[in-house]
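For reference, the structure discussed in these notes is given below.
The values are calculated or read from the model by the stated rules, or taken from the named source; none is laboratory data. None of the values given here were measured: they were computed from a predicted structure. Positions of Cβ are backbone-derived with ideal geometry, glycine not excepted, and every protein chain shown enters the neighbour counts. Areas reflect the complete protein model, heavy atoms only, side chains present, ligands, DNA and RNA absent. Shrake-Rupley method; radii C 1.70, N 1.55, O 1.52, S 1.80 Å.
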Amino acid sequence: MKELLNNIIESNRRYTKQGELAAYIPELTKANKDALGVCVTTLDGQEFCAGDCETKFTIQSISKVISLIIALMDNGKEKVFSKVGVEPTSEAFNSITNLETKNLHRPLNPMINAGAIAIVSLIEGENSECVFNKILDFTKKMTGNENLHIDENIYRSEKSTGDRNRSLAYFMKSTGVITKDIDEVLDAYFRQCSIEVTCRDISRIGAVLANDGVIPWNGEKLVPKEIARIVKAIMTTCGMYDESGEFAVNIGLPAKSGVGGGVMAAVPSKLGIGVVGPALDDKGNSSAGIKVLEDLSKKLNLSIF
Ligand code: DON
């Protein structure tokens, strides 16, 4: 496995040149554009890493999976999906158009920014600090990493430039999707996106989902099986935004990307996979990271289809 991963990383390094760093969050332009790393976690707890697997990056939209799990555990699926739909989008992850034209009362899905912000508003907690601490604690459990913390510079950078997210949130308040204070909701959202991780951490998140919500390394039942199933279904149809169809055809795995360059994948009953490659394609997904997942899926015959 280790040798396979080394080969896949080296043969796909050239694809880092085909992407760009996310510049709409200024601090993200300080990332190493050439980095490429992978980690695989098996369900019997083994881990294999290759390339720049120690590279730290912010979890960004991969955190949307965690807040969706918590919102479902807090509220149940009827309430959550009465506020946020489960349909894929053909628009960009931060698009505003569908909010007004598709369905005034439900953002399309929990993986796009609008849906994810609405999901954070559903997490029970007195204020943004309580909600964020719940998300951080859950992320620590899913990664088995007690030391996780936010990257303060990226949090501040995103908070001070996040006007697109503010507009999505205020629009949703006007239509009744969000009922809480917008600044509080967005503060928790910006913080969850700024949690610093490595590809080992996100690989472990994938492994918990692959294992139907049971933590492989200690046997704890963290996520109800039904919620793990729902989340993997939504990752499959919506996790790579308007590239989800192509990703399903070429790779065939439930996955979630983030503009920090991470991609997390769950191979049901087999593996968790985490990749990092901060250079992004025009859909906001890691360009070389997707190539690594494609090779891995083909070589190990991982596609669920
Ligand atoms: O809200 C944002 O725009 C970012 N914090 C997260 C977006 C993101 O990661 C999209 N993923 N590829």
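In segment 147-162, which residues are over 14 Å from Tyr189 (Cα atoms) and polar (S, T, N, Q)?
Asn147, Asn153, listed by residue number.
Among Ile69, Ile96, which is the only one that is hydrophobic (A, V, I, L, M, F, W, C), crowded, with 23+ Cβ neighbours inside 10 Å and in the same structural domain as Arg156 (by TED's automatic domain parsing)?
Result: Ile69 is the single residue among Ile69, Ile96 that is hydrophobic (A, V, I, L, M, F, W, C), crowded, with 23+ Cβ neighbours inside 10 Å and in the same structural domain as Arg156 (by TED's automatic domain parsing).
Need pairs with beta-carbon distance below 6 Å; first residue free of Cβ contacts under 8 Å to residues at least 60 places away in the same chain and within segment 239-266, second within 11 Å of the ligand (Cβ to nearest atom) and among the charged types (D, E, K, R); sequence gap 6+ or separate chains.
Glu243/Lys283
With touching a Leu at 6+ places or on another chain (Cβ under 6 Å), in a helix (DSSP H, G or I) and more than 21 Å from Ala233 (Cα to Cα) as the only criterion, which of Asn98, Asn153 stands out?
Asn98
Filtering segment 51-88 down to residues that are part of a helix (DSSP H, G or I), within 15 Å of the chain's Cα centre (by Cα) and among the β-branched types (Val, Ile, Thr), which residue is nearest to Ile9 (Cα to Cα)?
Ile62
Scan segment 132-146 for residues that are without any contact (Cβ under 8 Å) to a residue 40 or more places away in the chain and either over 18 Å from Val185 (Cα atoms) or open to solvent by less than 30 Å² (accessible area, probe 1.4 Å) (or both) and jot them down.
Lys140, Glu146
Inspect segment 200-216 for any residue being among the polar types (S, T, N, Q), in the same structural domain as Ala50 (by TED's automatic domain parsing) and either closer than 19 Å to Gln60 by Cβ or in a helix (DSSP H, G or I) (or both) and give the result as yes or no.
yes
Restrict the check to segment 28-47 and report whether at least one residue is under 15 Å from Asp295 (Cβ atoms), among the polar types (S, T, N, Q) and buried (at least 17 other Cβ atoms within 10 Å of the Cβ).
no
Select from segment 174-195 the residues that are assigned to a helix (DSSP H, G or I), over 13 Å from Phe132 (Cβ atoms) and in contact with a helix residue (DSSP H, G or I) (Cβ under 6 Å, 6 or more places away or on another chain) and list them in ascending order.
Scanning segment 174-195 gives a single hit, Ile182.
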